[in-house]
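The values are calculated or read from the model by the stated rules, or taken from the named source; none is laboratory data. All figures in this text were calculated on a predicted structure; none of them were measured in a lab. Using ideal geometry, Cβ is built from the backbone for each residue, glycine included, and neighbour counts are taken over all protein chains shown.
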Amino acid sequence: MDIFGEHPSIPIGIAILIAIYLGACRAAGRKPTRRQAMWFAIAMGAILFTQTELDELADARLFSMHMLQHLMQTFVIPPLLLLGTPGWMLAPWMLRPPIKPIARVLTNPLVAFLIFSAVFVTAHFPPVFDRMCRDENFHIFVHLLFMAAGMLLWWPILSPVPELPRLSYPAQILYLFLLMIPMTAVAAPITLATRVIYPWYTEGAHGWGLTAIDDQVLGGLIMWIGQGTYLMIVFTFIFYKWSQREDRDVSVPPGSTAPELRVLRSRRVAGS
């Protein structure tokens, strides 16, 4: 099956993102670090996989793969893009006077959290979701909206622009813990439903020998258990970084002079 032939916007979109990335490097006369370039390349691969292989399975009425696709679009691709994009690439246009106040509001943790929650929960209401399954243009719009809302969601955790800063480590853990509320609000009703709640999945055969209700339960579990497991891994990583910083804070050499202490504090701030 010629996936690219059916979805030419996918390679075109990826090519445009790569061209913008390389063009920004050329304009700034700078290069991303090897790690940033690696994360960006992985992000492009994740977009390609999500919008081709997973999308084909989702279109074949596999609700479980559709839920996995949504998790990829909100929990995997946005963090990879933020990790792969240097701050100096975003700052020149995000910090311009007309844009900076808007960017500051949108990347505020509370605003970002509420926008993402509203988008994610609304998109899974049966009438909205059913239209998404039947209208390809609306489907594409919602998937782009997921990734945009995901970028806002993960900004307070992974911001590459110091002027639009990250949350402190304890606040990051609380922020992600609270994220389980809207995610569970979507996953629990799907998993525990006793009937198929999305009509589109009752109108054709399912792959892998699954019935519509079994596929729905599997999709709900992927959403429920998958996001919980993913967030626990992120919690652990954040807690590890927090403990490392605490260890540095208590390891101030005895007898340090005031200038030396200022240097140590500046290094801790940079490392956080």
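Quick notes on this one:
- Scanning region 83-97 turns up no residue that is of a type in the set (A, V, I, L, M, F, W, C) and over 22 Å from Tyr21 (Cβ atoms).
- Filter result for Trp154 (of a type outside the set (S, T, N, Q), closer than 19 Å to Gly228 by Cα and either out of contact with any strand residue (DSSP E or B) (no Cβ under 8 Å at 6 or more places or on another chain) or not in a helix (DSSP H, G or I) (or both)): yes
- Here is the figure for region 157-171: residues that are surrounded by fewer than 16 Cβ atoms within 10 Å (Cβ to Cβ) and either within 15 Å of the chain's Cα centre (by Cα) or not in a helix (DSSP H, G or I) (or both) total 4.
- Taking first residues from region 166-192 that are free of Cβ contacts under 8 Å to residues at least 60 places away in the same chain and closer than 17 Å to Thr107 by Cα and partners that are of a type in the set (Ser, Thr, Tyr) and part of a helix (DSSP H, G or I), the Cβ contacts under 7 Å between residues at least 6 apart in sequence or on separate chains come to Leu167/Tyr175.
- The numbered conditions (1) among the aromatic types (Phe, Trp, Tyr); (2) surrounded by fewer than 19 Cβ atoms within 10 Å (Cβ to Cβ); (3) closer than 19 Å to Met183 by Cα are all true for Phe129 except (2).
- Whichever residue in region 22-70 is more than 19 Å from the chain's Cα centre (by Cα) and among the basic types (Lys, Arg) and, among such residues, is nearest to Asp135 (Cα to Cα): Arg61
- Residues in region 190-211 that are within 23 Å of Pro127 (Cα to Cα), modelled with pLDDT under 95, out of contact with any Lys or Arg (no Cβ under 8 Å at 6 or more places or on another chain) and in a helix (DSSP H, G or I): Pro199, Thr202.
- Some residue of region 49-64 being touching a residue at least 24 places away in the same chain (Cβ under 8 Å), under 26 Å from Ile238 (Cβ atoms) and in a helix (DSSP H, G or I): yes
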